[in-house]
Amino acid sequence: MTEKIYLKCENCGFEEQEVLKKKIYNKSAYYLVRCPNCGSVREIVDKVKLSQAKLIISRYDISESKVINIPEDETYKVGDTIEIDGEKIEITKIETPESVKSALGEDIKVIWGKSLSIPKKLGISINDRSKTYGIYIYVPNDFEFEVEKVYRINDGFFRLKKIKTEKGTAKKAKAKDIKRLYGDVTRPVRNYVDLSEFYKGE
């Protein structure tokens, strides 16, 4: 969803602007905004009060911890995407120090997140009737999977039977929201999605 701020357009007077880019630097917020009414684009600067929070970023099996400055009056929610040093990070947990779904920047002690700037390491359990084996692929975070579609990895084909997400199961989901995929070996078909380029041989 596009972030919006209540600000009058200098060109047409429309009172709501879309935020194209936002950056916090040296206690100032730099916004690049566009008017949805007339399409004019301009940059604005707003002074902000900052507070410090610990950020723990997960990248596969490795975590990095750093201290960041965040605006005190901005609300952060689990599921939001923030950008730190050019890296997109999805917030997975917020501590105030209690674990909460959302909080103002001034109340946050720790933000947990996963990097969206690297491919998603996704596990697949594939059943061939006699046994079930697991493999991993590394796919773009916005890559979409759908139950009952046939996928190919090198010379093998499987039909996707189940998508497990953070919230349960789904018929269709993007890689960033998926915990694991489950499929059954099937014969080669004409219409399939090729995942071979994302398989690293693990």
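The values are calculated or read from the model by the stated rules, or taken from the named source; none is laboratory data. In this text the structure is predicted, and so the values were computed from the model without any measurement. Here the Cβ positions follow ideal geometry from the backbone for every residue, glycine too, while neighbour counts run over all protein chains shown. All accessible areas refer to the heavy atoms of the entire protein, side chains included, with ligands and DNA or RNA removed. Shrake-Rupley method; radii C 1.70, N 1.55, O 1.52, S 1.80 Å.
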Among 10-16, 186-192, 109-115, how do they line up by average Cβ neighbours within 10 Å per residue, starting with the highest? 109-115, 10-16, 186-192
5 Å is the cut-off here: which amide hydrogens, built 1.01 Å from N in the peptide plane, fall below it relative to F14, excluding neighbours closer than 5 in sequence? C9
Could you state how much accessible area E3 has, in square angstrom rounded to the nearest 10, with a 1.4 Å probe and all protein chains kept in place? 80
Using Cα pairs closer than 8 Å and at least 6 residues apart in sequence, work out the relative contact order for the stretch 52-202, in percent. 19
Gaussian network model of the chain, Cα springs within a sub-10 Å range: biggest mean-square fluctuation belongs to which of I62, I126, I94? I62
Could you give the length gained by full extension between D142 and N127, i.e. 0.36 nm per residue of separation minus their alpha carbon distance, to one decimal place? 2.8 nm
Distance (nanometres) between label positions extended 7 Å along Cα→Cβ at D46 and K23: 1.8
Mean projected area (nm²) of the alpha-carbon convex hull when the stretch 120-198 is viewed from all directions: 4.8
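Peptides 41-48, 140-147: what's the order by average Cβ count within 10 Å, highest mean first?
Per-residue mean Cβ counts within 10 Å order the peptides as 140-147, 41-48.
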Can you compute the charge dipole magnitude of the stretch 32-129 about its Cα centre, using +1 on each Lys and Arg Cβ and -1 on each Asp and Glu Cβ, nothing else charged? Give it in debye, rounded to the nearest 20. 340
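Which whole-number percent is the relative contact order of the stretch 114-202 (Cα, under 8 Å, 6+ apart)?
Over the stretch 114-202, the number comes to 33 percent.
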Based on a Kirkwood Rh over C-alpha pairs, give the Stokes-Einstein translational diffusion coefficient of the chain at 4 °C and viscosity 1.567 mPa s in µm²/s. 66
Pairs of Cα atoms under 8 Å, at least six residues apart: use those to get the relative contact order of the stretch 1-101, whole percent. 14
With point charges of +1 on the Cβ of Lys and Arg and -1 on the Cβ of Asp and Glu, referenced to the Cα centre of the chain, which listed residue (S51, T132, G105) lies farthest in the positive direction of the dipole? T132
Which residue, E83, E98, E106, tops the fluctuation ranking in a GNM of the chain built on C-alpha contacts under 10 Å? E98
Excluding residues on the same chain fewer than 8 positions from K200, give the lysines whose Cα lies under 19 Å from its Cα. K120, K121, K176, K179
